[in-house]
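*Asks:* What follows is a single structure, and I will ask about it in a moment.
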Amino acid sequence: MKNPPATTRVRPLLLVLLLWAGAGVSAAQTAPVDPEVIGIEEVVRGQRGYGLSVFAGSEPERFEVEVIGVMQNVYPGMSFILARLSGQDLERSGVVRGMSGSPVYIEGRLAGAVAFSWDFAKDAIAGITPIADMHALQDLPAGGTRSRPASELGSPRSLIQLAKPMADSARAEEELRAHLEVLGQGTASAMTGASSALAFVSSGFEPRSQSLLRLVLGEVASAGTTVDTLEPHEIGPGASVAGVLIGGDLKLAASGTLTDRSGDQVVAFGHPVLSLGPVKIPMAVAEVLTVVASDLSSFKLTNVGAVVGAFDEDRLPGMRGRLGAIAPTTPVRISVTGAAGVLAKEPGQRAYHLEVADVPLMRPALLAVATLQTVDAFSYASGDQSLDLAATFRFAGYDDVVVRQSFDGSGAAISAALYLLQLVGFFELNPWVDVETSGVDIELAQGPEIRTLSLLGAHAERRAVRAGDTVDVLLDLRSHRGQRTQRRVPVLVPADAAPGPLYLFVGDGSSVDAAALQIEPFEPKSFEESLRLLGSFHSRDSLGVLSVRPARGLVVDGRALPDLPDSMRSLWQGRGALATKPLALSIVSREFVASDLPLEGLERVDLEVLPAVGMR
């Protein structure tokens, strides 16, 4: 079959150049204006055509296409064109990541977009999404509700786990990776067994952070940033575009190719990016530096440029966007201070400013990995160190939420990243309200040594006390390097303490919070209750004392009901619709004081409250 006559539509000078260069032309080429489309039912083996994609710079260039056949009903009602690509050195590189969305023209008519290939393939064989399926995206109504999938991170139980953040660095990294892999299940290839021709690219992320991002997104290549001079009206089929998940001092984007444009509306990529349906993701132009050939999967090295619009639909046939539209983002400021900074603009301090896309499923991972990366870039994120975290979250319609926590050890940065992932995961994916995050400030203070004092034991100077007494409790402590020390803590026996046993749980603030939730369980039933619970949590740099006495109560539907009369206990336990379990202890008082150094551990001290003088 002869080459398509569509080349007669190009400008006369370009036509001369094409005829002079022959079929393997590599000069930049513009897409046909308002091309006709060819339906997949018209596509047969042996047809030839061409495609457009950027291989260097910002100008689309032509590659050749030969139809192999049609893969029928890969998904119910959706088939794909299978084609062999050539030219632009594709014979050596194979299909290149970043070609997703490259428009393909057969017999001068728009057939679809390059969407996927196979890793380690020796030939440049590509799956092409039919353009009719992509054009169907244009019929979807605008302003769809963004996706907030259910997740364990959004459950009240996940919030309760924040009372005592994980200190063990190996377990913290294992859990962080597990959470990222679960979040990564929301991403999708164009088809089972194939690999999308989309390129996730990042700028400012080092290898360890990139390895964590791969758990969520798959392959992530390095990228740069550039201020692109392209105006929206200059962007057409074959241009490199990117969906920006993180902008600012760090960048993370899904880079591919624009397939078709109608006015200011565009379709791109030929497959989903995150499979989230309605989305709000900034759309930027991109500049390709070069193509890197790889036996696994070749990719484009890309600079991400200026934002020129927004993507608003992320579906199986691709993404829909609009040039000139604005996607809301959340400003995030991450400030790192410490004596060890090597890239600080000021001695010992550096602030990173980010704009994070409004994608609830992804934001926990994005903020967690970005925070880890800022510590790595500032100084180092491994090895013995201390890290104090203070984070402020601003939500529309709610008071600011401020959380503080201290981390020490070789995995302090990983533990802080896990803490933030769980915290942001709850905010974004909570089961009650769709919160609008208007800003996040994260302050990190890094020190060069492990400060934590381990609590080895505790005992009171005397066991028999009376209500209202003050009793000294001696704490046996050990530093990271093995030095032993003692600390004397005066504890006030509650004035209303009844005669009988009284138990003191003494330890770091986080451990005491966790113990309190075990003794008197509380499961929040609204977002407001969750914020109050979160606001009651303490950091490891505080010392807590929990006074507890025996009780005869119940835990009913996640709420503690201490000291119930026997008749009420029987009544509640007889209500099978609500989960009940015995409550053996009741909290009398809680006290917290600041500690010079972070603590780790929890000890119980047993007291006996004597009757008041004159009472029997």
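*Asks:* Below 14 angstrom from the Cβ of SER169, what's the summed charge of the other residues (Lys, Arg +1; Asp, Glu -1)?
*Replies:* -4
*Asks:* Mind listing the long-range amide H neighbours of SER222? Cut-off is under 5 Å, sequence gap 5 or more, other chains count too, H placed in the peptide plane at 1.01 Å from N.
*Replies:* SER202
*Asks:* Further, regarding this structure: Per DSSP H run of n ≥ 4, the term is -39500 (n - 2.57); total these for the chain, divide by its residue number, and report the mean residue ellipticity at 222 nm rounded to 500 deg cm²/dmol.
*Replies:* Dividing the helical sum by the residues of the chain leaves -5500 deg cm²/dmol.
*Asks:* For a quick protection proxy, order the peptides 45-55, 263-273, 206-216, 458-468 by their average other-Cβ count within 10 Å, most packed first.
*Replies:* So the order, starting with the most tightly packed, is 263-273, 45-55, 206-216, 458-468.
*Asks:* Related question: May I ask you to list, by number, the DSSP H helices of the chain whose Cα span along the axis is at least 24 Å and whose average Kyte-Doolittle hydropathy reaches 1.6 or more?
*Replies:* Helices meeting the criterion: 412-429.
*Asks:* Solvent-accessible area per residue for the chain at a 1.4 Å probe radius, Å²?
*Replies:* Each residue of the chain exposes 42 Å² on average to a 1.4 Å probe.
*Asks:* Under the rule of at least 5 residues apart or a separate chain, name every residue whose amide H is placed under 5 Å from the amide H of GLU313.
*Replies:* Amide H to amide H, under 5 Å and 5 or more residues apart or across chains, GLU313 pairs with VAL279, ARG320.
*Asks:* Report in % the part of the accessible area of the stretch 36-158 that belongs to carbon and sulfur, leaving out ligands and nucleic acids; probe 1.4 Å. Write out the running numbers ahead of the final one.
*Replies:* Numbers: 2460 of 4980 Å².
Answer for the stretch 36-158 is 49 percent, counting heavy atoms of protein chains only.
*Asks:* For a protection proxy built on the mean count of beta-carbon atoms within 10 angstrom, sort 126-134, 161-169, 480-488 highest first, please.
*Replies:* 126-134, 161-169, 480-488
*Asks:* Restricting to bridges with both residues inside the chain, how much of the DSSP beta-bridge set is antiparallel, in percent to the nearest 5?
*Replies:* So the antiparallel bridges in the chain amount to around 90 percent.
*Asks:* Excluding SER79 itself, calculate the net charge of residues whose Cβ lies under 13 Å from the Cβ of SER79, where each Lys or Arg counts +1 and each Asp or Glu counts -1. It would help to have the intermediate numbers written out before the result.
*Replies:* Working: positive: none; negative: GLU41, GLU42, ASP133.
With Lys, Arg at +1 and Asp, Glu at -1, the neighbours total -3.
*Asks:* Also: Karplus couplings for the stretch 62-74 from phi (6.51 cos²θ - 1.76 cosθ + 1.60, θ = phi - 60°), rounded to Hz, Gly and Pro as x?
*Replies:* For the stretch 62-74, the Karplus-derived couplings read 8, 10, 9, 9, 10, 6, 8, x, 10, 7, 7, 6, 4 Hz, x marking Gly and Pro.
*Asks:* Modelling each spin label as a point 7 Å along the Cα-to-Cβ direction, I'd like the ALA498/PHE592 distance in nm, to one decimal.
*Replies:* With each label point 7 Å from Cα toward Cβ, the separation is 2.8 nm.
*Asks:* All other residues with a Cβ under 10 Å from the Cβ of LEU90 taken together, and with Lys, Arg as +1 and Asp, Glu as -1, what is their net charge?
*Replies:* For residues surrounding LEU90, the net value is -2.
*Asks:* Sort 469-478, 275-284 by packing, meaning the average of other beta carbons within 10 Å per residue, with the highest value first.
*Replies:* Final packing ranking: 275-284, 469-478.
The values are calculated or read from the model by the stated rules, or taken from the named source; none is laboratory data. Just so it is clear, the structure is predicted and the values come from calculations on it, not from any experiment. Cβ coordinates were reconstructed from backbone atoms using ideal geometry, including for glycine residues, and neighbour counts include every protein chain displayed. Please note that ligands, DNA and RNA were not included when accessible areas were found on the heavy atoms of the full protein model with its side chains. Shrake-Rupley method; radii C 1.70, N 1.55, O 1.52, S 1.80 Å.
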